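Okay, structure first, notes after.
The values are calculated or read from the model by the stated rules, or taken from the named source; none is laboratory data. As the structure is a computational prediction, the values presented were derived from the model and not from experiment. Note that each Cβ is placed from the backbone with ideal geometry, even for glycine, and that neighbours are counted across all protein chains shown.
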Amino acid sequence: GGLFVLLCWVCLGGCLWQINRKVIESVDILLIVTYISLRSIETANSIRNRAKKFTNYKKLGVIINKAKGNIDTILAKLKDLDLPIFGQVPEDERIMEFDLNGIPLIDIPENNLSLLAIKDIIPKILEE
């Protein structure tokens, strides 16, 4: 039992390697974390295309990380590519401060915008 989720960060590239080498053949949810750049969206699309070919997944979606400003172009590109969007997590100075000061993220305040965004995204990922 259980849920198998493959988390792909577009900047790391390891996910494409795993998919291309058929290291992971079956995935319940393929999460692709992207950034606000067209190159990042193109990489997300490549991940999806390779996963369609080499991986059996039940659900796929994109999370836009460090979102800021007007991202209409990014959202339009995702829509054009038919890449489902689970949500977006805003760029967050507070998280950077915690990291730089060695403070665990578990101590982030409950009203933190990034934490609230993630709490909003989780049900979208898990819904049937």
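Miscellaneous remarks
- Test result for residue 87, within 14 Å of the chain's Cα centre (by Cα) and on the phi > 0 side of the Ramachandran plot: yes
- Every condition in (1) under 19 Å from residue 117 (Cβ atoms); (2) modelled with pLDDT under 80 is met by residue 35 except one, and the failing one is (2).
- From the options 106, 122, residue that is closer than 19 Å to residue 28 by Cα and out of contact with any Cys (no Cβ under 8 Å at 6 or more places or on another chain): 122
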